[in-house]
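Chemist: Have a look at this one before I ask anything.
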Ligand code: FAD
């Protein structure tokens with residue numbers, strides 16, 4: 001199934017993200033996690049590609065194919081410009097087709113230290129356009145409720161989003177954020193700029209003080225004072241911090257669903273218990 005079709009069903013699409021295990025761990029180390037996540041029957045599961053020190057890029061396809069075959073869940077294969085040129089792309093797309101993986105999240109990826117993008121695909125929109133030459137693929141892209149970290153002007157955010165839609169993006173998944181108003185503002189501004197495709201909200205529960213510090217400097221998301229106070233109160237007690245921040249994430253998700261957003265995407269960090277409790281909450285009638 002093409003993920004874009006899910007958004008025509010008049011419901012909030014619920015999805016999860018996983019990452020391939022580090023190379024040395026082997027793919028089988030993630031099967032218990034997938035088994036647990038599969039029992040939640042999410043609308044789709046996305047699999048990262050070479051992000052932040054996760055497993056090798058070629059594990060993404062293997063994982064995507066396994067998610068489809070074993071658990072009958074639609075995989076969304078992330079793919080980046082920085083790792084691939086034109087020739088790699090034809091080979092990759094052929095491999096995906098052979099494995100019946102036809103939903104791709106097209107991203108630029110983080111630039112190498114030299115700072116220079118590859119010539120073949122400079123920006124995510126170039127990769128979107130190249131994949132969409134084959135109409136058999138459904139392609140998503142990233143959106144940023146608080147703008148991309150290296151972006152100077154707010155208005156660029158919407159211009160670049162529109163360019164990705166014009167290149168053929170079928171839907172967008174957002175960077176993590178902790179303040180729902182940022183997401184609602186982005187949706188409003190994106191619609192004003194002419195973006196029409198579904199905009200999915202990405203939520204990542206905080207698991208530790210160190211994790212949140214790393215994330216906010218990596219992606220530039222702001223921390224509302226309510227969350228800062230919570231980290232201050234429970235920062236030295238990981239269990240209590242996790243419990244309180246999970247409840248914070250649930251409130252965010254509840255509010256997003258109540259606002260009728262197109263979809264919510266949970267960054268699971270390969271922690272199935274986080275996803276199990278969150279889906280229980282979302283489906284438990286407490287909304
Ligand atoms: P782009 O849309 O190309 O934007 C990159 C920068 O260029 C932005 O600052 C943008 O404003 C600017 N820009 C865009 N178009 C133009 C233009 N025409 N002229 C000038 N400037 C322009 N990374 C991974 O490595 N692997 C993953 O699996 C992964 N998964 C992700 C999933 C989600 C949902 C998100 C939000 C991010 C993910 N990332 C991943 C991180 C992503 O690769 C980085 O945020 C990256 O720096 C930008 O990617 P992009 O696709 O948004 O790039």
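Any read-out appearing in this document is the output of simple, stated calculations on the displayed coordinates, not a laboratory observation. The structure presented is a predicted model; accordingly, all values stated were derived computationally and were not measured. Here the Cβ positions follow ideal geometry from the backbone for every residue, glycine too, while neighbour counts run over all protein chains shown.
Chemist: For the chain, what does the relative contact order come out to in percent, with C-alpha contacts under 8 Å and a separation of six or more?
Modeler: It rounds to 20 percent for the chain.
Chemist: Within a 10 angstrom radius of the beta carbon, how do 3, 228, 30 rank from fewest other beta carbons to most?
Modeler: In increasing order of surrounding Cβ atoms, one gets 228, 30, 3.
Chemist: Something else now. Under the classification rounded if a/c is under 1.5, otherwise prolate if a/b is larger than b/c and oblate if not, where does segment 143-186 fall, given a ≥ b ≥ c as square roots of the Cα gyration tensor eigenvalues?
Modeler: In terms of gyration-tensor shape, oblate.
Chemist: Can you give the FRET efficiency for residue 191 and residue 251, using 1/(1 + (r/R0)^6), R0 = 30 Å, r = Cβ-Cβ distance, to the nearest 0.05?
Modeler: Plugging the Cβ-Cβ distance into 1/(1 + (r/R0)^6) gives 0.75.
Chemist: Within the chain, what percent of beta bridges assigned by DSSP are antiparallel, to the nearest 5?
Modeler: For the chain, the DSSP antiparallel bridge percentage is about 0.
Chemist: May I have the extent of the alpha carbons of segment 1-141 along their three principal axes, as whole Å values ordered from largest to smallest?
Modeler: Principal-axis extents of the Cα atoms in segment 1-141, largest first: 42, 39, 27 Å.
Chemist: Of 95, 220, 140, which is the most mobile in a GNM of the chain whose springs link Cα atoms less than 10 angstrom apart?
Modeler: Judging by the Gaussian network model, the answer is 95.
Chemist: Can you list the equivalent-ellipsoid semi-axes of segment 1-67, largest first and in whole Å, using the square root of 5 times each Cα gyration tensor eigenvalue?
Modeler: For segment 1-67, the semi-axes come out at 24, 13, 9 Å.
Chemist: Something else: Provide the FRET efficiency to the nearest 0.05 for the residue 27-residue 134 pair, computing r from the beta carbons and using R0 = 30 Å.
Modeler: The value I calculate is 0.65.
Chemist: Kindly provide the Kirkwood hydrodynamic radius of segment 163-282 in Å, to one decimal, from all pairs of distinct alpha carbon atoms.
Modeler: Mean inverse Cα-Cα distance, inverted, gives 15.2 Å.
Chemist: Multiply the residue separation of residue 120 and residue 69 by 0.36 nm, subtract the distance between their alpha-carbon atoms, and state the gained length in nm to one decimal.
Modeler: Taking residue 120 through residue 69 to full extension adds about 15.1 nm, to one decimal.
Chemist: When 192, 164 are ordered from fewest to most other Cβ atoms inside 10 Å of their Cβ, what list results?
Modeler: So the ranking, lowest neighbour count to highest, is 192, 164.
Chemist: Provide, as a two-decimal number, the C-alpha radius of gyration of the chain over 2.2 N^0.38 Å, N being how many residues it has.
Modeler: Taking the Cα Rg and dividing by 2.2 N^0.38 Å, one obtains 0.96.
Chemist: Sort 57, 122, 81 by Cβ crowding within 10 Å, fewest neighbours at the top.
Modeler: Ascending Cβ contact count within 10 Å gives the list 122, 57, 81.
Chemist: When the chain is fully extended, how far beyond the present Cα-Cα distance does residue 219 get from residue 184, taking 0.36 nm per residue of separation?
Modeler: Additional length available on full extension: 10.8 nm.
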